Amino acid sequence: MKVVLTLMAVFSIINCNGQNNLEKAIVTPSQIDTLIFLEKQFSKNDSTPPPQNEKWYRFLPGKNNKVLVTAAHATSQMREGAIKRPDGGTGSLALWLNKYRNIPVLVTSYMSPSDPNYYDDNEFKDSLSKIISELKPILIIDLHGSHPFRPYDVDFGTMKGRSMSKRKYLLDSLTLELRQNGLTNLSLDYFSASTNQTITKFVWNKGYSCIQLEINSNYLSADEGNIYAQKTAQLLQALIRFIDDIHPNPRHK
Ligand SMILES: [Zn+2]
């Protein structure tokens, strides 16, 4: 039995062509420094109302339109008369993906007068609607940060599978990349994205695939240094490898 298990372990890291599956790391320390810099800039305004004639959200276009990333809680937000704190690190993560993978991103940039992941009737959702009908992305990823005491590294909000039902292979691919990069404790639908008027529900109602990524904030705290910066680098590497590998149809892979 022991021999069989050992052989299985050996074969699991060797693919059917007999080649080793190990890949060279691609995220560099200077890219993590860039993320820390972006977060410093971003967090300056994350709890202040926008100046006159400025919007409370920003759209950064990209040339790689297969994925649209949103960070709907990148800044503090008004919900039922109370101000909720931002999901720290999600705004800079979106900007970083725009910079290094040229994907379009829609982020809140000042305090949101209307929580875009709770209400539909706001400018953020109007803008999102126009962007997706123009770009027709294969997948929308809505970034969120979860409390560090949560047991999971990442929770996938999929409306109990519905929001990814047309592109289940993308969920499989994302799971694989996260696991290969050390994010092994994954959860499904702890926050299902189906209760409130979420970004995921809004986009799914328009016929697009969407996933709400609830990332444990231990992976969004690169400025804490050492192990936290490494965890962030692992998350970033998983996300860019996943994005690089996206095809409209898995048969074309
Ligand atoms: Zn959130």
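The values are calculated or read from the model by the stated rules, or taken from the named source; none is laboratory data. As the structure is a computational prediction, the values presented were derived from the model and not from experiment. Here the Cβ is made from the backbone with ideal geometry for all residues, glycine too, and neighbour counts use every protein chain on show.
One residue alone among Leu186, Leu220, Leu170, Leu213 is surrounded by fewer than 17 Cβ atoms within 10 Å (Cβ to Cβ) and touching a strand residue (DSSP E or B) at 6+ places or on another chain (Cβ under 6 Å), and that residue is Leu186. Considering the stretch 111-131, the residues that are closer than 17 Å to Val69 by Cβ and away from the ligand (no atom under 14 Å from the Cβ) include one that is farthest from the chain's Cα centre (by Cα), namely Lys130. If you filter the stretch 70-105 down to residues that are assigned to a strand (DSSP E or B) and under 12 Å from the mean Cα position of the chain (by Cα), you find that the one that is nearest to the ligand (Cβ to nearest atom) is Ala71.
Taken over the stretch 33-74, the residue count meeting the criterion of being polar (S, T, N, Q), farther than 11 Å from Ser92 by Cβ and touching a residue at least 12 places away in the same chain (Cβ under 8 Å) is 6.
Restricting the stretch 91-120 to residues that are over 22 Å from Asp245 (Cα atoms) and among the hydroxyl-bearing types (Ser, Thr, Tyr) leaves a set whose member that is surrounded by the fewest Cβ atoms within 10 Å (Cβ to Cβ) is Ser114.
Here is the figure for the stretch 189-210: residues that are crowded, with 17+ Cβ neighbours inside 10 Å, of a type in the set (Gly, Ala, Ser) and more than 16 Å from the ligand (Cβ to nearest atom) total 1.
Criterion applied to Leu97, Leu143, Leu139 was being at pLDDT 95 or above and in contact with a Phe, Trp or Tyr (Cβ under 9 Å, 6 or more places away or on another chain), and the one residue passing it is Leu139. Taken over the stretch 133-156, the criterion of being of a type in the set (D, E, K, R), surrounded by fewer than 22 Cβ atoms within 10 Å (Cβ to Cβ) and over 15 Å from Asn185 (Cα atoms) is satisfied by Glu134, Lys136.
Among the conditions (1) out of contact with any Lys or Arg (no Cβ under 7 Å at 6 or more places or on another chain); (2) modelled with pLDDT of 90 or more, Gln77 misses just one, which is (1).
Here Gly157 clears all of (1) touching a residue at least 40 places away in the same chain (Cβ under 8 Å); (2) under 15 Å from the mean Cα position of the chain (by Cα); (3) more than 16 Å from the ligand (Cβ to nearest atom) except the condition numbered (3).
Across the stretch 39-57, the qualifying residues are those that are in contact with a Ser or Thr (Cβ under 7 Å, 6 or more places away or on another chain) and not in a strand (DSSP E or B), and the one among them that is nearest to the ligand (Cβ to nearest atom) is Asp46.
Among what's in the stretch 58-69 and is in a loop (DSSP other than H, G, I, E, B) and out of contact with any helix residue (DSSP H, G or I) (no Cβ under 8 Å at 6 or more places or on another chain), pick the residue that is nearest to the ligand (Cβ to nearest atom).
Step one: of the stretch 58-69, the residues in a loop (DSSP other than H, G, I, E, B) are 61-66.
Still in the running and out of contact with any helix residue (DSSP H, G or I) (no Cβ under 8 Å at 6 or more places or on another chain): 61, 63.
Details: Pro61: 24, Lys63: 28 Å.
Only one residue tops the list, namely Pro61.
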